[in-house]
Amino acid sequence: MISAVIPTHDGRELLDIVLGSLALQTRAPDEIVVVDDASSDDTLAHLAEHWPAVRVVALAENVGVAVALNRCIAAARGELVLLLNNDVELAPDCVAELVAALDAAPQAAVVGAKLRDYKDRSLLDGAGDGYSWAGLAYRRGQGEPDRGQYDGDVEVFGACAAAALYRASALADVGAFDEQFYALGEDADWSFRAQLAGFSCRLAPKAVAYHIGSASLGPRLSKFTLYHNWRNQIWTIAKDYPAGALVVHAPDLLAGQLANLLVAIRQRSVGSWLAAWRDALAGMPAVLGKRRAIQRSRRSGRRQLEPLIESAFARARWWLRGPGRSSAATVRRPPQDPAARR
């Protein structure tokens with residue numbers, strides 16, 4: 001059974017696009033659930049009138065993206081959970097291809113769709129999520145023409161939750177999205193924890209979704225987005241990095257924070273950067289408590305992560321040479337052994 005679940009906030013017009021594309025799937029979900037995060041528009045009335053088959057969970061107050069995602073998962077009845085942003089349109093065979101990709105990879109916790117730009121459909125919006133030891137999560141190939149250059153790299157660091165199919169059993173094993181994050185980066189943190197738990201994350205290159213982008217949370221360089229990205233990056237590092245990675249990749253971490261500061265200066269958002277650090281430190285006792293549980297139970301360590309995660313300096317070289325080529329080699333995962341947990 002497949003449960004398609006969609007969190008939304010003030011997205012009435014967007015919902016018609018994603019729900020319309022779900023209705024045209026060659027493999028339709030067995031149920032569709034919309035979790036309305038206290039919208040102030042007429043989302044609930046619109047769904048009742050135009051999409052009566054959709055099950056709606058209406059939240060009384062705005063709780064943020066991470067909590068809304070967890071409410072979606074809690075509402076899902078299927079053994080497969082299709083998480084969708086409200087600002088995507090799925091190609092007709094997207095769900096079928098996601099299911100096929102997950103069936104072909106028993107160790108995978110999640111498979112993500114290939115995201116293309118909604119307006120210019122020749123451009124990639126993301127071919128799976130990448131990650132740098134600097135603490136930066138990014139969508140591979142974003143803005144590049146899609147020439148199939150990422151289609152062979154099916155094992156990736158993570159899946160963007162804009163359009164991704166999760167095993168319910170893996171969601172139970174890895175745990176919920178971290179509600180302390182509120183918004184942004186919660187899917188990268190979940191993918192990191194899935195890798196530590198011994199799962200893989202995959203790209204399904206034949207499963208295509210068209211992503212409007214920034215329709216839900218606003219512009220990429222808004223103060224809201226920058227603040228939450230910076231704060232949540234710090235928390236992800238503190239929670240998820242094995243101790244050996246913190247030591248070996250200290251130069252990457254320093255480079256990442258210097259890069260964030262330069263962005264803050266350029267965007268006149270130094271106050272947001274300082275606030276992100278202030279609030280990250282204030283929340284650190286809770287984060288370190290989670291770290292103890294994550295690191296104690298993990299099945300993989302730094303050696304398994306190295307093929308999946310780039311150094312900050314390799315990422316910088318990729319930006320210097322320009323887009324158009326894959327920035328990471330095909331993943332070759334080393335065998336798991338007790339020594340690899342360092």
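The values are calculated or read from the model by the stated rules, or taken from the named source; none is laboratory data. What you are looking at is a predicted structure, and each value in this text was computed from that prediction instead of being measured. Quick reminder, even Gly has a Cβ in these numbers, built from the backbone with ideal geometry, and neighbours come from all protein chains shown.
Evaluate segment 102-115: report whether one residue or more is in the same structural domain as Ile32 (by TED's automatic domain parsing) and assigned to a helix (DSSP H, G or I). There is at least one residue in segment 102-115 that is in the same structural domain as Ile32 (by TED's automatic domain parsing) and assigned to a helix (DSSP H, G or I).
Quick check, is Gly213 in contact (Cβ under 8 Å) with a residue 24 or more places away in the chain, surrounded by 14 or more Cβ atoms within 10 Å (Cβ to Cβ) and on the phi > 0 side of the Ramachandran plot? Against the criterion (in contact (Cβ under 8 Å) with a residue 24 or more places away in the chain, surrounded by 14 or more Cβ atoms within 10 Å (Cβ to Cβ) and on the phi > 0 side of the Ramachandran plot), Gly213 qualifies. Exactly one residue among Ala108, Ala100, Ala28, Ala74 is of a type outside the set (Val, Ile, Thr), without any contact (Cβ under 8 Å) to a residue 24 or more places away in the chain and at negative phi, and that residue is Ala74. Number of residues in segment 192-214 that are at pLDDT below 95 and in contact with a Phe, Trp or Tyr (Cβ under 9 Å, 6 or more places away or on another chain) equals 2. The one condition from (1) in contact (Cβ under 8 Å) with a residue 60 or more places away in the chain; (2) outside any helix (DSSP H, G or I); (3) over 28 Å from Asp30 (Cα atoms) that Ala176 does not meet is (3).
Of the residues screened, Val99 is not one that is out of contact with any strand residue (DSSP E or B) (no Cβ under 6 Å at 6 or more places or on another chain), crowded, with 23+ Cβ neighbours inside 10 Å and either among the charged types (D, E, K, R) or in a helix (DSSP H, G or I) (or both). Yes or no: segment 34-48 includes at least one residue that is within 28 Å of Ser200 (Cβ to Cβ) and among the hydroxyl-bearing types (Ser, Thr, Tyr). Scanning segment 34-48 turns up no residue that is within 28 Å of Ser200 (Cβ to Cβ) and among the hydroxyl-bearing types (Ser, Thr, Tyr).
When you check Leu69 against the structure, is it closer than 23 Å to Ala108 by Cβ, of a type in the set (A, V, I, L, M, F, W, C), outside any strand (DSSP E or B) and in the same structural domain as Leu184 (by TED's automatic domain parsing), yes or no? Taking the combined requirement at face value, the residue satisfies it. Counting only helices (runs of 4 or more DSSP H) that sit wholly inside segment 207-290, those with at least 2 residues that are in contact with a helix residue (DSSP H, G or I) (Cβ under 6 Å, 6 or more places away or on another chain) and of a type in the set (Lys, Arg) are 223-240.
Residue by residue, here is whether (1) in contact with a Cys (Cβ under 7 Å, 6 or more places away or on another chain); (2) over 25 Å from Ala176 (Cβ atoms); (3) at pLDDT 95 or above; (4) surrounded by 17 or more Cβ atoms within 10 Å (Cβ to Cβ) holds:
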{"position": "Gln233", "(1), (2), (3), (4)": "no, no, yes, yes"}
{"position": "Asp240", "(1), (2), (3), (4)": "no, no, yes, yes"}
{"position": "Leu246", "(1), (2), (3), (4)": "no, no, yes, no"}
{"position": "Asn260", "(1), (2), (3), (4)": "no, yes, no, yes"}
{"position": "Ala276", "(1), (2), (3), (4)": "no, no, yes, yes"}
{"position": "Ala286", "(1), (2), (3), (4)": "no, no, yes, no"}
{"position": "Ile294", "(1), (2), (3), (4)": "no, no, yes, yes"}
{"position": "Pro323", "(1), (2), (3), (4)": "no, yes, no, no"}
{"position": "Ala328", "(1), (2), (3), (4)": "no, yes, no, yes"}
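Can you spot a residue in segment 42-65 that is in contact (Cβ under 8 Å) with a residue 60 or more places away in the chain and among the basic types (Lys, Arg)? Taking every residue of segment 42-65 in turn, none turns out to be in contact (Cβ under 8 Å) with a residue 60 or more places away in the chain and among the basic types (Lys, Arg).
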